Every structure is written in C-alpha cells, then in structure tokens.
Amino acid sequence: MRSIVLIPYLIFFAFTGTAQSFTEEQQKKELAIVIDDFGNNMEGSKEMLELPVPLTVAIMPFLSTTEKDAKRAHEKGHEVIIHLPMEPKKGKKSWLGPGAITTDLSDKEIRKRVEEAIKDVPFAVGMNHHMGSKATEDERVMRIILEVCKENNLYYLDSKTAKKSVIPKIAEELSVPYLENDMFFDHIYSERHIYRQASKLVERLDHRSQLIAIGHVGVTGERVVSALKTYLPEYEKQAEIVPLSALLPPVIPSL
C-alpha cells in the first residue's frame, strides 16, 4: 500500500518541478544587439568589437576590411552575418557599394551576386540587408535571395526598412528561418536620440521576452559604442545578451 500511495506523490513533485522549470524558462529574457555596416574600417569598428558581450556583426561584402572584420569578430566570439546591400526607394545606387542587389537585375545575376557575397564573408551564419526599402518589397528579388539563403543554411534578419516587406511571407513559404528587427538605436544621428533609444530599450525589456535592436558603425559608430557602454549593465540586469541565432525558433523535425 505504501508504494501505491507514494507513486502519486512522486508524480506530483515531478510534475510541479517540471512546471516550475518551464515557467522559469518562459520568464527568461533575451536581447540580441546587431551592429551593421562593418567591412570598410568605419568609425567605431574596433571599439564595438571590444564590447564584452556577444554581438551580431553584420558585414558588407567586397569591401576593404570585409574579411578582416569577419575574422576578428569571430575570434572575439561575436556572430557574423552578411550585410547585403540592396536597392532603396530613395538615394543613388552608387551609394550601395559593390555587388548590390537592385530590382533591374536578372534572376541569374541576383543569384550570382548573393552567392558571391556569401563566399566573401567568412564565418557568416545569417544575412540582413543594407538599406533595401525597395528591394525587400519585391517578391521576385527576395524569393531568389531567400532561396540562396536556404541552400546555404543561412537565417535572415528583416531589418524592417520597408513597411510592405515581403520577407516574412516568402521566408515562411520557403521554410527559411527569419527574425524581425524591433528597433534602431541610431536612425537619427544625434547623440541625444541614440541615448534616448538606448534608454527606451530598458523600458521595452520590461514587457518583452525577446528583443532585437540594431545600431551601426560609421557616422554614429562612436556614439553607439558610448551608449552601449552606459546601458549594457542595465540590459544585463533584465536579459541575457545573445547572438541572433539564439532567438530562432527551434526546428521541429518532420515525422
């Protein structure tokens, strides 16, 4: 009889223990910080890579320090992704740099450029876009890009530079792992704005279990580094700072 009575209690404690672990896991918060525009020795590049947290470093292909930045980021424990230049709605195509994806290219040329970009950025495990407000609303263009990502086992981060981005729709159709940016630190260049955004991120962590925030090296690089140095201790009180890939939903094997 004693053993019969004991079994339900064991089941009860096992269940409550599992439930408690599950609840703790649910409450765990994660923050991914992405830094765009590496690859051309831009301002703040060195200082950014020295930050004592795992960043996701988005590196443009075919530039003077593309390979160097990728190797250094990898050595420092940061995650590397390809920062693929894509056509915006406003601005000159010449601003995009070499190997840019524009909507006037043929299917074959788009595929060729994406494949070459992947080869040019060592250690890359994902991709996002540089500018791209026009290209990311074009289904033909994004389907080719995401097909190449799938073939190379890369995830995709939609930086959300376009209101009508087709990335979520096509990524889901193709079963390409993807994530979406939640906020930019420096879409306005002033130091005051960057610090305000860094402060807002603390507030948003109160209400979200996962967040993605994007900053840049270059014009705002040193200001973003300064803001991160100030606010990283606050972020770490509320969340674990992780590479982007840690936020990808688990792959459920097909039966």
Tally of residues being hydrophobic (A, V, I, L, M, F, W, C), open to solvent by less than 20 Å² (accessible area, probe 1.4 Å) and part of a helix (DSSP H, G or I) across the stretch 110-160 | 11
Every pair of residues 6+ apart whose Cβ atoms lie under 9 Å, when the first sits in the stretch 95-109 and is closer than 10 Å to Val141 by Cβ and open to solvent by less than 50 Å² (accessible area, probe 1.4 Å) while the second is small (Gly, Ala, Ser) and in a loop (DSSP other than H, G, I, E, B) = Ile101/Gly132
Yes/no for Ile118 being over 19 Å from the mean Cα position of the chain (by Cα) and either within 20 Å of Leu174 (Cα to Cα) or free of Cβ contacts under 8 Å to residues at least 40 places away in the same chain (or both) = no
Qualifying positions in the stretch 41-73 - over 26 Å from Leu201 (Cβ atoms), in contact (Cβ under 8 Å) with a residue 40 or more places away in the chain and either open to solvent by 70 Å² or more (accessible area, probe 1.4 Å) or in a loop (DSSP other than H, G, I, E, B) (or both) | Pro61, Phe62, Glu67, Lys71
Select from the stretch 210-255 the residues that are part of a loop (DSSP other than H, G, I, E, B) and open to solvent by 60 Å² or more (accessible area, probe 1.4 Å) and list them in ascending order.
-> Val219, Pro249, Pro250, Val251, Ile252, Pro253, Ser254, Leu255
In the set Glu151, Glu172, the lone residue that is over 19 Å from Ile59 (Cβ atoms), of a type in the set (Asp, Glu) and within 18 Å of the chain's Cα centre (by Cα) is Glu172
Of the residues in the stretch 74-88, those that are in a loop (DSSP other than H, G, I, E, B) and within 15 Å of Gly99 (Cα to Cα) come to Glu87, Pro88
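The values are calculated or read from the model by the stated rules, or taken from the named source; none is laboratory data. Values in this document were obtained by computation on a predicted structure and should not be read as measured data. Here the Cβ is made from the backbone with ideal geometry for all residues, glycine too, and neighbour counts use every protein chain on show. Note: accessible area is taken over every heavy atom of the protein model, side chains too, but ligands, DNA and RNA are not part of it. Shrake-Rupley method; radii C 1.70, N 1.55, O 1.52, S 1.80 Å.
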